[in-house]
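Beneath this line is the structure, given in structure tokens, with notes to follow.
The values are calculated or read from the model by the stated rules, or taken from the named source; none is laboratory data. Here the structure is a predicted model, which means the values were calculated and not measured. Ideal geometry is used to build each Cβ from the backbone, glycine not excepted, and the neighbour counts take in all protein chains shown. SASA here: full protein model, heavy atoms, side chains in, ligands and nucleic acids out. Shrake-Rupley method; radii C 1.70, N 1.55, O 1.52, S 1.80 Å.
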Amino acid sequence: MVTKSVQDLSTLVSLSKRRGFVFQSSEVYGGLGSCWDYGPLGSLMKANVKRAWWNAMTRRADIVGIDAAILMHPTVWKASGHVDGFSDPLVDCKDCKTRFRSDNTESYLKDKKCPNCGSKNLSEPRQFNLMFKTHMGPVEDSGGIVYLRPETAQGIFVNFQNCQQSSRYKVPFGIAQIGKSFRNEITPGNFIFRTREFEQMEMQYFVKPGTDAKFFEEWKETRWNFYLKYGIKKENLQFHPHGPTELAHYAKAAVDVQYKFPMGFSELEGIHNRGDFDLSQHSKFSGKSLEYFDEANKEKFIPYVIETAVGCDRLFLAFLCDAYREEVTKNDEGEDTRVVLGLHPQIAPIKVAILPLSKKEELTSVALKLREELCEDFDVMYDESASIGKRYRRQDEIGTPFCVTVDFDTLNDKAVTVRHRDRMSQERIDCTQLNTYIVENLKKF
Ligand code: ATP
């Protein structure tokens, strides 16, 4: 058997559409650029991705969660530097009218050429702010301008004191949040890798100045281990430390966790030492002190922040890329290809498929009853159409760890056949033991 991994994003785009993971937004109207909708399986899987991250963060004794509003006071974005500084250099091609970023377009950097038509008839780079603006209230004047947040982090900074005081946590402690962010990206693309509306999973860890370098290293390790725990292959991950020219205005140190997507190693998560930049800025702009009082040492300070920020959609894509495999075996008729999404069982959208061997009522009634019982505890799919072999393959392609077949023997022995996605081994399990078997074997998967 030969195993092939994914070579091209288009393989995943088409699988996602065919099986209901991700659809183009507003497809019936021709689609809306760089916006994507999560379908029946995609929305289940995305919820699992978020749950994995959320639990890894908020089940610790030193991290609380929040869910802040997308719209925030406009001064937040002045203080954070986004109104003045959150922009990319944009160049227009005067011949083919393509717009592109001048700081990461190879043909421009090399020969000052348009990446689309090769023309050198280009505008000078202009700074283009990436924030979406909208208006609050009935009058569309400049006084009512608000922004769709371009990152979730600011909701955490402005709630630092609320969280610290209400939870009575002592520094060092963290605040975690999952939520939508919006950026009017000039060059979105690569499926859900870079979109204009996306979800971020961010955690800000507040520490005493002087301990920041130690916590930065700790968080690098913690986040690396998170990816390994959920089955991402080690060889597809790497750290990319930021050099002095790459560092953002707020950062003392930064490292990206990069994943080897089909288009090459690219940022999956950013880990930053933000110093006291954000809390100091919000103190300055709001006129309120955001100092922390350390009771034990009777000292006041503005905490430093170690941030971990990963895109939920980007991680979803990394999981798909990492899990996809084609198992090719030679047989009498030529070649047979089994497509498998080898997802970690906690990430897989469906945990168990219930498959009656035939559509006869005596079998389907038993199978449907099992479905009812199991769906109390798991996401279950019921499928009665096509041959059993085809149905196994359908489940393999969406990453379902276990298939449960109800056959004619079930009527006598009250047992079912459980098939394992990766090993393809089969076991006969008593119906009364099925739930426990699945719970235990999902852990061992
Ligand atoms: P990039 O360099 O890829 O534009 P960034 O360095 O601006 O990303 P951050 O501001 O650090 O990204 O955001 C943290 C994480 O949010 C990124 O690592 C990425 O996973 C995700 N993210 C950022 N922008 C987008 C986007 N347009 N679409 C999807 N995910 C995004």
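Based on this model, can you work out whether ILE178 counts as aliphatic (A, V, I, L, M), in contact (Cβ under 8 Å) with a residue 12 or more places away in the chain and in a loop (DSSP other than H, G, I, E, B)? Criteria not met by ILE178. Taking (1) touching a residue at least 24 places away in the same chain (Cβ under 8 Å); (2) in contact with a Lys or Arg (Cβ under 7 Å, 6 or more places away or on another chain); (3) under 23 Å from ASP322 (Cβ atoms); (4) open to solvent by less than 80 Å² (accessible area, probe 1.4 Å) in turn, CYS35 satisfies each apart from (3).
Here THR400 meets the list (1) surrounded by 12 or more Cβ atoms within 10 Å (Cβ to Cβ); (2) not in a loop (DSSP other than H, G, I, E, B) almost entirely, failing just condition (2). The condition of being in the same structural domain as LYS300 (by TED's automatic domain parsing), more than 21 Å from ILE175 (Cβ to Cβ) and acidic (Asp, Glu) holds for only one of GLU246, GLU221, GLU217, GLU199, that being GLU246. Does the range 172-197 hold any residues that are closer than 24 Å to THR58 by Cα and aliphatic (A, V, I, L, M), and which are they? The answer is ILE175, ALA176, ILE178.
Which residues, taken from the range 199-238, are more than 20 Å from LYS50 (Cβ to Cβ) and assigned to a loop (DSSP other than H, G, I, E, B)? Correct list: LYS208, PRO209, GLY210, THR211, LYS233. Residues in the range 248-258 include at least one that is among the acidic types (Asp, Glu), surrounded by fewer than 21 Cβ atoms within 10 Å (Cβ to Cβ), in a strand (DSSP E or B) and within 14 Å of the ligand (Cβ to nearest atom). When GLU295 is tested against (1) farther than 26 Å from ASP322 by Cβ; (2) in contact with a Ser or Thr (Cβ under 7 Å, 6 or more places away or on another chain), only condition (2) is not met. Counted as qualifying within the range 263-378 are the helices (runs of 4 or more DSSP H) with 1 or more residues that are of a type in the set (Ser, Thr, Tyr), namely 277-286, 361-374.
Has the range 168-187 got any residue that is more than 29 Å from GLN281 (Cα to Cα) and within 16 Å of the ligand (Cβ to nearest atom)? Checked the range 168-187: at least one residue is more than 29 Å from GLN281 (Cα to Cα) and within 16 Å of the ligand (Cβ to nearest atom).
Selection over the range 45-70 of residues that are open to solvent by 40 Å² or more (accessible area, probe 1.4 Å) and either of a type in the set (D, E, K, R) or at pLDDT below 95 (or both) gives a count of 5. Here GLU221 clears all of (1) within 14 Å of the ligand (Cβ to nearest atom); (2) out of contact with any strand residue (DSSP E or B) (no Cβ under 9 Å at 6 or more places or on another chain) except the condition numbered (1). Among the residues of the range 358-370, write down those that are surrounded by fewer than 19 Cβ atoms within 10 Å (Cβ to Cβ) and of a type outside the set (Ser, Thr, Tyr). Selection gives LYS359, LYS360, GLU361, GLU362, LEU368, LYS369.
Taken together, the residues in the range 167-191 that are more than 19 Å from ARG101 (Cβ to Cβ) and crowded, with 17+ Cβ neighbours inside 10 Å amount to 10. Name the residues in the range 386-397 that are of a type in the set (S, T, N, Q) and buried (at least 19 other Cβ atoms within 10 Å of the Cβ), would you? The one that is of a type in the set (S, T, N, Q) and buried (at least 19 other Cβ atoms within 10 Å of the Cβ): GLN395.
Close contacts from the range 247-272, counting a first residue that is over 17 Å from GLU202 (Cβ atoms) and a second that is open to solvent by 50 Å² or more (accessible area, probe 1.4 Å) and of a type in the set (S, T, N, Q), with Cβ to Cβ under 8 Å and a gap of 6+ residues or different chains, come to GLN258/GLN238; LYS260/GLN238; PHE261/ASN190; PRO262/GLN7; MET263/ASN190; PHE265/GLN238. Within the range 188-214, if we keep just the residues that are within 11 Å of the ligand (Cβ to nearest atom) and among the aromatic types (Phe, Trp, Tyr), the residue that is farthest from the chain's Cα centre (by Cα) turns out to be PHE191.
Determine if the range 133-156 includes at least one residue that is out of contact with any strand residue (DSSP E or B) (no Cβ under 8 Å at 6 or more places or on another chain) and under 24 Å from TRP53 (Cβ atoms). Within the range 133-156 (the criterion being out of contact with any strand residue (DSSP E or B) (no Cβ under 8 Å at 6 or more places or on another chain) and under 24 Å from TRP53 (Cβ atoms)), the answer is yes, since at least one residue qualifies. What pairs come out if I take residues in the range 410-424 that are hydroxyl-bearing (Ser, Thr, Tyr) and pair them with residues that are open to solvent by 60 Å² or more (accessible area, probe 1.4 Å) whose C-beta lies under 8 Å away, six or more apart or interchain? From residues that are hydroxyl-bearing (Ser, Thr, Tyr), the pairs are THR417/GLN426; THR417/GLU427; THR417/ARG428.
Note on the range 98-167: enclosed strands (runs of 3 or more DSSP E) holding 1 or more residues that are of a type in the set (Lys, Arg) and within 16 Å of the ligand (Cβ to nearest atom) are 99-101.
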